[in-house]
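So the structure is just underneath, and the comments pick up after that.
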Amino acid sequence: KQKIILDCDPGHDDAVAIMLAGSSPAIEVLGITIVAGNQTLEKTTINALNVCQHLGLDIPVFSGCDRPMIRERKIADDIHGETGLDGTHFDPLTKKAENKHAVQFIIDRLMASDGDITLVSTGPLTNYAMALRLEPAITTKIKQFVLMGGSYQLGNVTSAAEFNIIADADAAHVVFTSGRKVVMIGLDVTRKVLCYPSIVERMGKADNKASKLFVDLMNFYNHSQKEVFGWDGGPLHDPVTIAYLIDPSVVTAKAMYTEIDIRSTQSYGRTNCDYFGYLKKESNSYVGIDIDVDKFWNIIEDGIKMYK
Ligand code: BDR
Ligand code: CA
């Protein structure tokens, strides 16, 4: 089993990432750590707790940083709504967040490990960056980062930048310069897994608590993605990180040097991926460049069917 910490900001696609990681026999989720991103920290924490409770996942949830390291907070309520998980219906919440800050949990868990923990991120990278700054000794304990963020082509907040990176570009800079392996699953691949109505219908057929949640999530998400970007199926960004861990062959990745733009005005938050190796620098990232779309949806379907 691969041990992971899942840092996220649920968020419709984050919720599906939790669903997929929570049911996979290949993955052990040591903890879910929460960051502000798609909505405020208070809301993203409640959302993660609701998803875990609904799916019967006994995973500890830790609330973390409520804003980026330096910049002003940006939320994505145009895509995820007022609650951050609009369109869902949950029973009254009884599951509680742990009484420890997410950053402290990340540090303590890594320090107690044999270096076998993968840090997955599907939101802004604030918690991981803060952990690296607070306790640099965790660096060599990190097996790898697997993150959804960035793009070597176009962004989705500006033409240059993707949401998770621009939301805390300084934190992304800390992670990409940490010296640990970073697998970057960016928009270049996640925009190929569009959750068309036919996919929603297919997943709904499992007819269990996970499939019902998936359908509610995607119906709202597809609607807002259509409003903002005009396509009929929203890109299911975040679960690609988990699908990659379950079966790395689902994503084709290329080693390259990536630098976060934290200086310019026009292209702030861009992941400058040196695809062609102009800079002749040692690679610090494996950037997703393609995805096996059929395989991805099969992994999602298998994950949903694991629930009773
Ligand atoms: C990323 O931004 C968020 O809105 C999604 O949850 C995803 O993590 C895509 O740019
Ligand atoms: Ca997210």
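Details
- Inter-residue pairs, beta-carbon under 7 Å, first within 15 Å of H12 (Cβ to Cβ) and in the range 29-49, second at pLDDT below 95 and in a helix (DSSP H, G or I), 6+ apart: N38/H80; Q39/D77; Q39/H80
- Filter pass, P68 being within 15 Å of ligand 2 (Cβ to nearest atom) and assigned to a loop (DSSP other than H, G, I, E, B): yes
- Residue list for the range 224-276, restricted to those being surrounded by fewer than 21 Cβ atoms within 10 Å (Cβ to Cβ), among the hydroxyl-bearing types (S, T, Y), more than 21 Å from H12 (Cα to Cα) and in contact with an Asp or Glu (Cβ under 8 Å, 6 or more places away or on another chain): S249, T252, Y257, S267, Y268
- Selection within the range 1-26: residues that are within 16 Å of H54 (Cβ to Cβ) and within 10 Å of ligand 1 (Cβ to nearest atom). The member of this set that is surrounded by the most Cβ atoms within 10 Å (Cβ to Cβ) is P10.
- Screening the candidates N38, N50 for the property of being under 15 Å from M148 (Cβ atoms) and modelled with pLDDT of 95 or more yields one hit, N38.
- In the range 237-257, the residues that are in a loop (DSSP other than H, G, I, E, B) and either within 16 Å of ligand 2 (Cβ to nearest atom) or among the aliphatic types (A, V, I, L, M) (or both): H237, D238
- Restricting attention to the range 231-257, the residues that are within 16 Å of ligand 1 (Cβ to nearest atom) and not aliphatic (A, V, I, L, M) add up to 9.
- Which listed residue is part of a helix (DSSP H, G or I) and in contact with an Asp or Glu (Cβ under 8 Å, 6 or more places away or on another chain), from V189, V215: V189
The values are calculated or read from the model by the stated rules, or taken from the named source; none is laboratory data. Just so it is clear, the structure is predicted and the values come from calculations on it, not from any experiment. No Cβ is skipped: glycine too gets one built from the backbone with ideal geometry, and neighbour counts run over all protein chains shown.
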